[in-house]
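What follows is one structure encoded as structure tokens, with my remarks underneath.
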Amino acid sequence: MFFLLASSAASASWNDPYPSSDRGKNILYASFRERPKHFDPARAYSFNEYNIIAQIYEPPFQYHYLKRPYSLVPLTATQVPQPHYYDGNGRQLPANAPTADVAYSVYEIHIRPGIKYQPHPCFARDQDGHYLYQDLNREQLRDRHTIADFPHTGTRELVAADYVYQIKRLAHPKLHSPILSLMSDYIVGLRDYAQVLRDALGKGGNEHGDYLDLTRYPLAGVEEVDRYTYRIKIRGKYPQFRFWMAMTFFAPLPPEADRFFSQPGMAEKNLTLQWYPIGTGPYMLTVNNPNLRMVLERNPNFHDERYPRGGEPSDEVAALLRDAGARLPFIDRVIYSLEKENIPRWNKFLQGYYDKSDPSDILAESFDQAIQLTSGGDTELTDSMRARGIRLLTSVGTATYYTGFNMLDPVVGGYSEKKRKLRQAISIAVDEEERISIFLNGRGIPAQGPIPPGIFGYEGGCAGRNPYVYDCIDGKVKRKPIEEARRLLAQAGYPDGRDPKTGSPLLLYFDSPQAGPEAKAVLDWTIKQYKKLNIQLVPRVTDYNRFQEKMHKGNAQIYRWGWGADYPDPENFLFLLYGPNKKVGAEGENASNYESSGFDQLFERMKNMDDTPERLVLIQRMLEIARADAPWVWGLHPKEFTIEHGWLHNNKPHNMTHNTVKYLRLDTELRARKRQQWNPPLLWPLGVTFALLAVGAVPAVVTYVRRERQVRR
Amino acid sequence: MIAYIVRRALYAIPILIGVNLLTFALFFFVNTPDDMARLHLGVKRVTPEAIASWKADHDYDKPLLWNSQAAGLDKVSDTIFFRHSLKLFVFDFGRADDGRDISYDVSNRMWASLAIALPTLLVGVLINITVAMMLAFLRGSYLDTWGMVICVMMMSVSLLFYIIAGQYLFSKLLHLVPISGYAPGFAAAKFVILPVVIGTIGGIGAGTRLYRTFFLEEMGKDYVRTARAKGLSEVRVLFRHVLKNAMIPILTGVVVVIPLLFIGSLVMESFFGIPGLGSYTIDAIQHQDFGIVRAMVFLGSVLYIVGLILTDISYTVVDPRIRLQ
Amino acid sequence: MPFKLIFLWTDILIFLLLASVVLFALYARRHEHLRVPWRQVRRRPLAMSALVVLSLYVTVGLLDSIHLQRRLEGATAGQAHYATNIESLLDVVCSPLRERIEKSYSAPLAMYAFSREVVPRADGRMSFEYPRLRFGGAQLRDPSERGTDIARRIGFGLLLAIVTFVLLASGVVLSIARRHNDSVARAVARLARGDIETPWRAILATTGILLSLGCVALSLAGGYHILGTDQVGQDVFYNSLKSVRTGLVIGTLTTLVMLPFALAFGVMAGYFRGWVDDVIQYLYTTLSSIPAVLLIAAAILSLQVYIATHEESFATIAERADLRLLFLCLILGVTSWTSLCRLLRGETLKLRQMDYVQAATALGVGHIQIMGRHIAPNVMHIVLITVVLDFSSLVLAEAVLSYVGVGVDPSMNSWGNMINGARLEMAREPIVWWSLTAAFTFMFGLVLAANLFADAVRDAFDPRLRT
């Protein structure tokens, strides 16, 4: 063992998990917890997928890195266009036309000329201009297992047709794009287009497997105007559509790539778009081994993009503007290592082998070590962390976690005054503040409604409180006392948690998909909350599948769930309570199956408005209705904490976008020094152990000698 | 000999069919195609049409075992069981439910599993033999008694505790090795040390105890007494005769487990982030990826049977009196 | 009655097991060939010490196996209503431990919480400090008294232990004196020398140690959380005690469940040979060739499906957790009966050639009778040895399975769940070591005692079956 140790310790830190040849290079080290399932931009819809592909695929727009509230800026487009509105007869309407008159909106997007794709074998051509790898047979593919096995690469200029192509792909029946059904409601002709493709594909597929040359099938609502311009026609008015166009669903995809990966034999070797993204972004994926690591390499063809100049006033202080105007990206390579267990991840961060933690990384367990609350109730890093030069970045996440009541349930559901009071009583009893302090270590704020801070419609302080759960005392929001909840419960027909007629205790069921070591603690705590009202809560724990099935059938009673924003608009949260969006029957996201005609009418008016004071009034009225009905115990909005080492610069938490790696800069020299300083190998305990073993062997030797002597005698 | 092996291999076929049917039934009860579809389509915005078309794509829209609508042979072959299970017999593991080629993954990950399991086995056997021989030599003395008590104590500690304590001590406090991770090739050495050390320590208790009984059994035999009476020193008796004969049960015990080394250790691999087959299996269980679980069950059974055959063969090698019929 | 008794499935099985152990003991008393090896076990000091420890665990486990539901007060319609949570006798005994729940972590014997909190001070300002615990050390006005208070409690506990011990020991001495017709003084001397067949010296020493530990724990537990509290503020000592039953159930019921199959199949295969043997061999080779963890995972997941689809039949969490525990035992049994079956088959093949079996066959005695009368009793020592040897490995397996996520129900107290949760606590700074240490110590105690006892049983029953 000593030998092995010695050989691996030729250089300074013995516990360095990276090869010594990479030492001192401009590489960002990050981790991923689970292998991402989809890198195809038509499919990818979760954070761990975005973390990678947002660095590669470039939709026409992006969010401004520094400005808050979140605002859109062009990425490959020349500007963020205002839609043109048309009535049913195709006449153009003025921009301030009433929503009801608008039959179609048209977005016309110009992209910047001269943007080039990353080097990729699908573009590779020989001297005569023929594609090298577009007509391969199985034999030629035999020894090629990864994209790196194709030696030649090429590139091409980005054109508007690539954007059109990708929108068409959303309808491809074999891709199962999660937003197809939503977009079919808006993009003109998309629903029919999906049918056309389904017919074209036939039941059994064709000789090229599932490949369809989408360029041959026109899509009514999306057209290529010229080489650098395309147009999207939307039904009605849907201002949120511009946010969708900042997501990778609307990134460009070259048809050559689709054709390349559709060649027979490719899919069997995992050579698919699902696995190998191709884009115009600052980075390209060069190694994709989800069992071990993924590597992003700087795209040599990346277009000229500059670090933003303006930001929030605080950005100057935070040294976020030092690189203003500099060319992006700064970092040469990003290595994401697979790290499933929390503890190794956290310890490696402390040892300097990860440059920053993801927001989800600072788990409650390591929290005490890193972060403390100040006497003012704020959070700051502990002294030991600050001494290491570690920084803390906080932001309130655009997400909400809530406890929902199934409104179809005979016990907790329904809209009568009694049922409403029952739910309100429970809302008071479930102490979200305590949940935040025990399980999140203060990393959250109690929710007053579905809308999280940072989204239009959110109000802080006493004005924005939920008056059914919180009082306003001396200008401070305070949870109502438990006596109030007991009173409400009595009015709801359960004095002291009993049914007065039979004397039987009120028995409620809590459906939870949670498992793992934390689950028991959380469940125990939840039971305790209902116990305050003498309500007997029975948890029904199942796996996530069963949980979802229960939700779909409407068999749950009380459940806990969450929602993270797709885009920064209140519509994306309020639609979780919109009647026609019910889970049962309508397969929507309204998991409580809440249905209130007043709320629904207001929602329909509110959803297509711009962020005006009138819209705020509508939202306030909607919140009032929902709070009175209490279909949810408005839970909490998580606060997201990121901590980073002193050598990482320009990091600003951004909840809407993930293409932020390009802004980051590293001080590799400082990193190398700190790593060495923090990881001195300690050898003496090993020495002591071996010495002890040697001492322990003495009696054995003594016995041996004695026996040998006996034998000789 | 060859005839024997062929016969045993043929005998394995009904066993493997049984294994397949059993796992198929169990996992299908747990995880209906609808569940699989939902799991793979993600959390947000999943519609019934999407589920239906996912099932159609992955051949999960067929009847389970018997297709009464199909004609002729298709009654059996156009079913989920046939499409997904029987190909295993030609080691075509098919694709995982996320589209990855399972055979490719298995052949890649196998080496990481071996890199941990093989050194653990070898070092473990060596240390266990050494300690057991020492104890057998010192039999009856207070050292033997206390050695056995320590062995029992070491056996009574959960492997999880060894891992947690080992990581804490060697990686976090002493900075000697990386906490977790893996690199292919020779770079694996620094990642492999800790799991191997922990695995060995965890196995010392039980192993030493077992091997000591082998040694004691041999030492009680007549030929040892004769050798001793001839005036050979105790150490020579031990190395010349006892060790040689005790190696028979030790080796046969080791041979059975060699094929199973490929599968790796579930717990070790997931604690140390080693991309072997053990962590592959755990992931598959947690993600309910039916294809991978089925493949791993099948692989495990095959290797187990290979182990049994190897054991029989190794008997004949170490003891020529035994003949295989 | 202010409560009603509830019999969970595992409770019934445990008492069934207890009854059969008692019956077996009575049976063994009357049969010389069984009495001799047991007497040999009884002579070994280490084994008897282990037995004392084991019986302490068993007592805790049995206390925890008598379940009841309390009646709710204030029923109006004459009909009695019972609380939905099921308690055990152990819960009732330990109710102070169970009910004194802190907010979150606290160290063993602490008076202050583990992490700081914002506390409003008297002058209206907020301060950030370690708050006093609600129960731990709450009896103390002045925090500086803690040391003396703890010392006082330890002293009291030791005193109690000594008094009890002296009472016990004098009982033993008197009975020795009577049996050997000795004077008391000579009996004490014999005891001290260890000059008695039963190693009373070791037994008393072990009892003494356990008594002092127990009494000190009891006296400290009145005012403190002796092993600290966990994340939601529950007493770790109580959690560890509750886990005893889970460990015992897994270790014993698994073998109980598999025993009939292993015995019947093993003996049948060896006795009948031919196609019966083929079928049974096929069965166990198939089962044992499936990697055990995968089989267990599949079975546990199917159970979850069953529970999810039959929610109405499980009124309480305890019933649900209990069913899962039982199922875990069953499936562990399925994976572990094969090795015993193989051993039994081999032994039966040998016994079949024995003269007395041949004679019985020649006399036309029925197959079932031969197997029951002549073969089964003669393979019992193998069964016994396997059972005691398996026990400890099953207890250890539970922890690993819980880690994989297919162990006992997460709502159930078990050492596996405790270790699993403690994994995350190890990353805290300062480190939260007490949950892991408590789980480790309790588990180690049980497994070590079981291993030591099993060794003695094995040596006594079959010195040559050492593998």
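No value in this document is a laboratory result; all are computed from the given coordinates. Quick caveat: nothing in here was measured; it's all calculated off a predicted structure. Note that each Cβ is placed from the backbone with ideal geometry, even for glycine, and that neighbours are counted across all protein chains shown.
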**OP:** Using a cut-off of 10 Å between beta-carbons, work out the net charge of the residues near residue C:412 (Lys and Arg +1, Asp and Glu -1, residue C:412 not included).
**Re:** +3
Subject >> Chain lengthening between residue A:386 and residue A:304 when straightened (0.36 nm per residue, less Cα-Cα) >> reply: 25.9 nm
**OP:** Mind giving me the nanometre distance, one decimal, between the label points for residue B:313 and residue B:222, set 7 Å out from Cα along Cα→Cβ?
**Re:** 3.5
Subject >> Charge dipole (chain B, unit charges on Cβ, about Cα centre) - positive-most of B:94, B:223, B:174 >> reply: B:223
Original post:
By DSSP, what percent of the beta bridges with both residues in the protein assembly as shown are antiparallel, rounded to the nearest 5?
Top reply: 85
**OP:** Would you compute, from DSSP H runs of 4+ residues alone, the mean residue ellipticity of the protein assembly as shown at 222 nm, taking -39500 (n - 2.57) per run and dividing by the full residue count, rounded to the nearest 500?
**Re:** -16000 deg cm²/dmol
Original post:
For region A:399-640, rounded, prolate or oblate, judged on the Cα gyration tensor with a ≥ b ≥ c (square roots of eigenvalues), a/c < 1.5 rounded, else prolate if a/b > b/c?
Top reply: rounded
Subject >> Environment charge at residue A:316 (Cβ cut-off 14 Å; Lys +1, Arg +1, Asp -1, Glu -1) >> reply: +1
Subject >> Test item: C:332-344 mean partner chain Cβ contacts at 10 Å >> reply: 0
Subject >> Counted charge near residue C:238, where neighbours are those whose Cβ lies closer than 13 Å (Asp, Glu -1; Lys, Arg +1) >> reply: -4
Subject >> Where trypsin sites (Lys or Arg not before Pro) in DSSP loops with at most 16 other Cβ within 10 Å are excluded, longest remaining stretch of chain C >> reply: C:274-463
**OP:** Rank these for me by crowding, A:336, B:182, B:315, going from fewest to most other beta carbons within 10 Å.
**Re:** B:315, A:336, B:182
Original post:
If you place +1 on the Cβ of every Lys and Arg and -1 on the Cβ of every Asp and Glu, how big does the dipole about the Cα centre of the protein assembly as shown come out, in debye to the nearest 20?
Top reply: 5140
Original post:
Which value in nm describes the separation of the simple spin-label points at residue A:483 and residue B:7, placed 7 Å from the Cα toward the beta carbon?
Top reply: 8.9
**OP:** Can you list which of the chymotrypsin sites (Phe, Trp or Tyr not before Pro) found in region A:389-428 are DSSP loop residues with at most 14 other C-beta atoms within 10 Å?
**Re:** A:415
**OP:** Return the sequence-ordered ³J(HN,Hα) values of region A:584-595 in whole Hz as given by the Karplus equation 6.51 cos²θ - 1.76 cosθ + 1.60 applied to θ = phi - 60°, using x for Gly and Pro.
**Re:** 7, x, 9, 6, x, 9, 7, 6, 7, 6, 6, 8
Original post:
Taking +1 at the Cβ of each Lys and Arg and -1 at the Cβ of each Asp and Glu, which of A:243, C:243, A:489 sits farthest along the dipole of the protein assembly as shown towards its positive end, judged by Cα position relative to the Cα centre?
Top reply: C:243
Original post:
By per-residue mean of other Cβ atoms within 10 Å, what is the highest-first order of A:693-703, A:337-347, B:232-242?
Top reply: A:337-347, B:232-242, A:693-703
Original post:
Once the Cβ-Cβ distance between residue C:189 and residue B:236 is put in as r, and R0 is 51 Å, what FRET efficiency do you end up with, to the nearest 0.05?
Top reply: 0.60
**OP:** State, as an integer percentage, the relative contact order of region A:41-156 based on alpha-carbon contacts under 8 Å between residues 6 or more apart.
**Re:** 17
Original post:
If you take every DSSP beta bridge whose two residues both sit in chain A, what share of them, in percent to the nearest 5, is antiparallel?
Top reply: 80
Original post:
Going 7 Å from the Cα of residue A:112 in the Cα-to-Cβ direction, what parts of region A:251-294 have a backbone nitrogen less than 15 Å from that spot?
Top reply: A:280-283
**OP:** May I ask for the Rg/Rh ratio of region C:126-245, computed from Cα atoms with Rh as the Kirkwood radius, given to two decimals?
**Re:** 1.19
**OP:** List the DSSP H helices in chain B whose Cα atoms stretch 27 Å or more along the helix axis and whose mean Kyte-Doolittle hydropathy is at least 0.0.
**Re:** B:2-30, B:102-137, B:189-219, B:290-318
**OP:** Find, to one decimal place in angstroms, the Kirkwood hydrodynamic radius of chain B, where the mean of 1/r is taken over every pair of different Cα atoms and then inverted.
**Re:** 23.2
Original post:
Tell me, what is the FRET efficiency for residue C:29 and residue C:55 to the nearest 0.05, using R0 = 25 angstrom and their Cβ-Cβ distance as r?
Top reply: 0.85
Subject >> Relative contact order (percent, whole number), chain C, Cα cutoff 8 Å, 6+ residue spacing >> reply: 20
Original post:
Taking the Cα centre of region B:109-318 as origin and charging only Cβ (+1 Lys, Arg; -1 Asp, Glu), how large is the dipole, in debye to the nearest 20?
Top reply: 600
Subject >> For residues of A:534-544, the mean tally of beta carbons on other chains within 10 Å >> reply: 5
Original post:
Under the definition of partner shielding as Cβ atoms of other protein chains within 10 Å of a residue Cβ, what is the mean value for peptide A:289-296?
Top reply: 4
Original post:
For a label point 7 angstrom out from the Cα of residue C:361 toward its Cβ, which stretches of region C:317-342 have the backbone nitrogen within less than 20 Å?
Top reply: none
Subject >> Against the rule of thumb 2.2 N^0.38 Å, how large the Cα Rg of region C:346-450 comes out >> reply: 1.80
Subject >> Residues of type lysines that residue B:244 reaches as a straight line, Cα spacing below 20 Å, ignoring anything fewer than 8 places off in the same chain >> reply: B:221, B:230
Subject >> Isotropically averaged projected area of region C:3-99, using the convex hull of Cα atoms (one quarter of hull area), nm² >> reply: 9.1
Subject >> Net lengthening on full extension, residue A:227/residue A:287 (0.36 nm per residue, minus Cα-Cα) >> reply: 18.3 nm
Original post:
Which pairs in the list A:553/B:55; A:553/C:4; A:269/A:340; A:356/B:55; A:67/A:237; A:582/B:62 are over 28 Å apart, alpha-carbon to alpha-carbon?
Top reply: A:553/C:4; A:356/B:55; A:582/B:62
Original post:
For chain A, max minus min Cα coordinate along each principal axis, in Å, sorted largest first?
Top reply: 107, 85, 57
Original post:
For region C:238-461, what is the convex hull volume of its Cα atoms per residue in Å³?
Top reply: 145
Original post:
Rounded to the nearest 0.05, what FRET efficiency do residue A:217 and residue A:157 have when you use their Cβ-Cβ distance and R0 = 22 Å?
Top reply: 0.40
**OP:** Using Cα pairs closer than 8 Å and at least 6 residues apart in sequence, work out the relative contact order for region A:439-501, in percent.
**Re:** 15
Subject >> Kirkwood hydrodynamic radius of region A:269-358, from inverse mean 1/r over distinct Cα pairs, in Å >> reply: 15.9
Original post:
With point charges of +1 on the Cβ of Lys and Arg and -1 on the Cβ of Asp and Glu, referenced to the Cα centre of region B:109-318, which listed residue (B:199, B:140, B:259) lies farthest in the positive direction of the dipole?
Top reply: B:140
Original post:
Using a simple charge model, +1 on the beta-carbon of Lys and Arg, -1 on the beta-carbon of Asp and Glu, nothing else, what dipole does region A:399-640 show about its Cα centre, in debye to the nearest 20?
Top reply: 940
Original post:
Cα atoms only, chain C: Rg and Dmax in Å?
Top reply: 26.4, 99
Subject >> Against the rule of thumb 2.2 N^0.38 Å, how large the Cα Rg of the protein assembly as shown comes out >> reply: 1.00
